[in-house]
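The values are calculated or read from the model by the stated rules, or taken from the named source; none is laboratory data. Because the structure is a prediction, the values reported are computed rather than measured. Cβ: placed from backbone, ideal geometry, glycine included. Neighbour counts: every protein chain shown.
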């Protein structure tokens, strides 16, 4: 099954399920690319789509990343705009798709997705959102670095990987909300990438995919 964007419209089945990856374009420490969240969400959606016969749409690559604006390279559209984007995309897709599932790779998008899905369900649409989630450190640490070493090792600058703030995320949330990531981690990392490796990344990635597949089934 090709990506949805590569399909011809006569080849689409009646009322297909469509997975829409939702990521971000934001700093991921000195060693990971700005596209990390989008890359992971897209890869998870594609693998889950293969296993469930779902079509995978082009990713939404700009999310709500205001907490990262203290760093260069961040593109943030904010919660309000992302909410409207999800609502309007679903209204459009619902004219021919049976179900729309947003596969989210960035925590900052959650508020927008929750609000949008609530609005859309009240309108009668078949829509939900699912997270790319596993237990691990919060941002650009062991977890994301390992997954990127599995998915796209050429994009990981391991020689630049250093630890950031390793405090548990709940302990940092108040400062993060009020002052942003840079106030709690000058290098942008929330966690420690030390020891990250592709084998661990494959296991973490498979857990993310299986969680999505289980929900879809």
*asked:* Which numbered condition in (1) touching a residue at least 60 places away in the same chain (Cβ under 8 Å); (2) closer than 29 Å to residue 159 by Cα; (3) buried (at least 16 other Cβ atoms within 10 Å of the Cβ) is the only one that residue 34 fails?
replied: (1)
_When you scan the stretch 152-166, do you find a residue that is more than 18 Å from residue 27 (Cβ to Cβ), in contact with a helix residue (DSSP H, G or I) (Cβ under 7 Å, 6 or more places away or on another chain), touching a residue at least 60 places away in the same chain (Cβ under 8 Å) and crowded, with 19+ Cβ neighbours inside 10 Å, even just one?_
no
*Tell me, yes or no, whether the stretch 190-208 has at least one residue that is within 21 Å of residue 75 (Cβ to Cβ) and out of contact with any helix residue (DSSP H, G or I) (no Cβ under 7 Å at 6 or more places or on another chain).*
no
_So if I check each of 133, 138, which one is in contact (Cβ under 8 Å) with a residue 40 or more places away in the chain and out of contact with any strand residue (DSSP E or B) (no Cβ under 6 Å at 6 or more places or on another chain)?_
133
*Working only within the stretch 117-151, note down all residues that are touching a helix residue (DSSP H, G or I) at 6+ places or on another chain (Cβ under 6 Å) and in a loop (DSSP other than H, G, I, E, B).*
125, 132, 134, 136, 137, 138
_Any pair with Cβ under 7 angstrom, 6 or more apart, that starts in the stretch 1-28 at a residue that is under 10 Å from residue 55 (Cβ atoms) and ends at one that is at pLDDT below 95 and surrounded by fewer than 13 Cβ atoms within 10 Å (Cβ to Cβ)_ = none
